[in-house]
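Please read the structure below before turning to the comments.
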Amino acid sequence: MPAEQPTVMRAQDMPVKQTLLRHDEDWSVLRNYDPATLPNWAALKYQPLSVDGDIWVSTGVEARLRYEGYHDNWWGSGEAPNDDRLWLRLMPHMDVHAGPVRAFAQGIVGVPLNMEAAPGPADETGIDLLQGFGEVTLPIGSASIRLRGGRELVSLGTERLVGTRYGPNIPQPFDGAHIIGDVGPLRVQLLSLRPVSTGPDSFDDRSSDTVSLKGAYVTYQWPNVGLDAYLLDYRNDAAQFNQGVAAEHRRTYGVRFFGNADHLSWNWEAMLQDGRFGQSDIAAWMIGTETSYNLAPLTFRLRANIASGDRNPNDPELQTFDPMFPMGKYYGELSPIGPYNMINLHPGVDVDVGHGVTLGFAAMAYWRQSLGDGVYGMPGNLIRASDDSTARFVGHQEEVVLRWQPSPLHSFLASYSVFTPGNFIGQTGPAETIHMVGIEAMFRF
């Protein structure tokens with residue numbers, strides 16, 4: 001009778017979910033498998049360097065090619081209103097563990113292969129270090145404390161305030177210290193960070209001299225419900241708003257309530273901000289919500305967000321909310337505006353077609369929260385000043401997104417968006433309808 005053949009693990013059977021934050025992947029689980037059952041690629045994800053397996057190394061890479069096409073970007077008033085952008089980025093990484101000590105490094109090269117507008121920090125970098133940190137894990141009773149220092153991508157909550165900027169070509173890393181403490185369902189994070197300023201050449205990325213972020217972020221997770229509470233201290237020596245340019249010192253106090261029950265899931269967040277903008281006081285706020293209902297193969301979703309704006313640029317107080325380092329795709333796959341002085345209503349539906357294919361439809365509407373403030377882009381740049389306009393409606397946008405993930409290693413995306421300007425845009429400058437196309441292919445191993 002022939003011997004039974006060992007089961008071979010395929011890429012589709014990967015026991016670890018690959019994520020945007022590659023340093024969160026723990027491939028040491030492969031030590032529990034019989035080596036004879038593992039494919040050749042498993043040695044790249046988990047290679048023991050000691051007999052007991054406590055010293056091990058993991059490697060991987062991500063390659064992405066993305067096209068973005070804009071017609072009448074920024075309603076016809078942009079530097080290059082009609083712009084075709086083709087981006088390429090490559091991000092290899094290595095993760096080395098030796099008992100409680102760890103070193104993680106991830107490189108990047110990101111280039112615009114075609115772009116009409118001048119490339120910015122989110123578009124281009126030579127060969128550089130995207131992440132590079134050391135970490136020590138200290139077990140204290142039932143608790144675990146990780147002391148991390150160096151350069152890393154940081155994601156807090158659902159990235160309404162601090163995110164990776166993963167959608168554009170160059171993500172946003174931070175330099176500094178990050179302490180993560182876990183005990184049961186409680187996680188406490190302490191941060192002292194400076195964002196990295198990306199340069200166009202090789203090995204020229206540096207910590208910002210003008211911007212810093214410190215804070216504490218606490219999460220308590222029940223089986224189906226979670227609660228976040230946080231305090232973030234942000235400084236920007238040259239902040240720009242409709243009111244002017246000055247040094248900004250802003251504190252954000254926030255709570256987030258999230259979870260799921262049966263077919264329903266939710267992610268609701270509220271934030272208050274105070275501090276100083278030059279010689280003026282800051283008093284700003286934001287409420288962000290996302291509520292979903294799943295009736296397979298359909299998922300219905302409603303997002304509603306409101307971020308305060310400045311009531312009067314001539315008075316000494318600033319009411320404009322500042323999201324600091326938000327996610328790159330805040331209002332969908334492509335949108336010209338960011339969450340400053342904005343009311344947004346965003347219903348949508350996703351259809352799971354099967355075979356890894358999802359089709360999404362969304363409609364967004366935008367209003368200025370305050371008539372005394374303008375409209376801003378995602379980086380916080382002022383796109384349209386208020387100019388004494390009394391119009392509140394900024395415009396509406398429709399979007400369709402097709403996603404296909406045939407395997408854990410490959411993903412493809414195509415999106416098409418149309419932004420029709422409202423009265424405010426028409427009163428303050430060019431008011432052409434924006435057409436936006438995105439096409440993306442990614443390999444992640």
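The values are calculated or read from the model by the stated rules, or taken from the named source; none is laboratory data. No experiment lies behind these values; they were computed from the predicted model shown. With ideal geometry, Cβ positions are generated from the backbone for all residues, glycine too; neighbour counts draw on all protein chains shown.
Which of the residues belonging to the stretch 356-390 are among the polar types (S, T, N, Q) and either crowded, with 17+ Cβ neighbours inside 10 Å or not in a loop (DSSP other than H, G, I, E, B) (or both)?
Residues satisfying the conditions are Thr358, Gln369, Ser370, Ser386, Ser389.
Residues are listed down the side, and each one gets a yes or a no for (1) over 28 Å from Asp84 (Cα atoms); (2) among the hydrophobic types (A, V, I, L, M, F, W, C):
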| position | (1), (2) |
| --- | --- |
| Leu334 | no, yes |
| Val351 | yes, yes |
| Trp404 | no, yes |
| Ser411 | no, no |
| Gly429 | no, no |
| Gly438 | no, no |
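With the requirement that a residue be more than 23 Å from Met442 (Cβ to Cβ) and polar (S, T, N, Q), what does the stretch 14-65 give you?
Matches in the stretch 14-65: Ser28, Asn32, Thr37, Gln47, Ser50.
Give the stretch 236-288 a look and list any residue that's among the basic types (Lys, Arg) and under 24 Å from Phe300 (Cα atoms), or say none.
Arg256
Please go through the stretch 402-445 and give me each residue that is aliphatic (A, V, I, L, M) and at pLDDT below 95, ordered by number.
Scanning the stretch 402-445 gives a single hit, Leu409.
Which of the following residues is modelled with pLDDT of 95 or more, more than 24 Å from Val211 (Cα to Cα) and of a type in the set (Val, Ile, Thr): Val154, Val136, Val162?
Val136
Only one of (1) loosely packed, with under 15 Cβ neighbours inside 10 Å; (2) charged (D, E, K, R); (3) modelled with pLDDT of 95 or more is not met by Glu317, so which one is it?
Here Glu317 meets the rest and fails (3).
Kindly provide the set of residues from the stretch 391-410 that are assigned to a strand (DSSP E or B) and either at positive phi or in contact (Cβ under 8 Å) with a residue 60 or more places away in the chain (or both), ordered by number.
Gly395, Gln397, Glu399, Val401, Ser407, listed by residue number.
How many residues are aliphatic (A, V, I, L, M), touching a strand residue (DSSP E or B) at 6+ places or on another chain (Cβ under 8 Å) and under 23 Å from Asn236 (Cα atoms) when one looks only at the stretch 307-337?
4
Quick one: which of Ala118, Ala63, Ala122 is of a type in the set (Gly, Ala, Ser), in a strand (DSSP E or B) and in contact (Cβ under 8 Å) with a residue 12 or more places away in the chain?
Of the residues listed, the single one that is of a type in the set (Gly, Ala, Ser), in a strand (DSSP E or B) and in contact (Cβ under 8 Å) with a residue 12 or more places away in the chain is Ala63.
For the stretch 187-194, check the following and say yes or no: at least one residue is out of contact with any His (no Cβ under 8 Å at 6 or more places or on another chain) and farther than 16 Å from Arg148 by Cβ.
Checked the stretch 187-194: no residue is out of contact with any His (no Cβ under 8 Å at 6 or more places or on another chain) and farther than 16 Å from Arg148 by Cβ.
Tell me which residues, restricted to the stretch 385-422, are more than 27 Å from the chain's Cα centre (by Cα) and of a type in the set (Gly, Ala, Ser).
Passing the criteria: Ser386, Ser389, Ala391, Gly422.
Among the residues of the stretch 155-169, is there at least one that is over 29 Å from Tyr67 (Cα atoms) and crowded, with 17+ Cβ neighbours inside 10 Å?
No, the stretch 155-169 contains no residue that is over 29 Å from Tyr67 (Cα atoms) and crowded, with 17+ Cβ neighbours inside 10 Å.
Mind checking which residues of the stretch 170-193 are surrounded by 19 or more Cβ atoms within 10 Å (Cβ to Cβ) and either in contact with a helix residue (DSSP H, G or I) (Cβ under 7 Å, 6 or more places away or on another chain) or β-branched (Val, Ile, Thr) (or both)?
Passing the criteria: only Ile170.
So the check is Cβ under 9 Å with 6+ separation or different chains; which pairs have a first residue in the stretch 418-445 that's without any contact (Cβ under 8 Å) to a residue 60 or more places away in the chain and assigned to a helix (DSSP H, G or I) and a second one that's of a type in the set (D, E, K, R) and surrounded by fewer than 19 Cβ atoms within 10 Å (Cβ to Cβ)?
Asn423/Arg392; Phe424/Arg392; Gln427/Asp387; Thr428/Asp387
Pull out all pairs, ordered by first then second residue, where Cβ-Cβ is under 8 Å, the residues are six or more apart or on different chains, the first lies in the stretch 195-206 and is farther than 15 Å from Asn169 by Cβ, and the second is aromatic (Phe, Trp, Tyr).
Pairs found: Pro195/Phe174; Pro195/Phe325.
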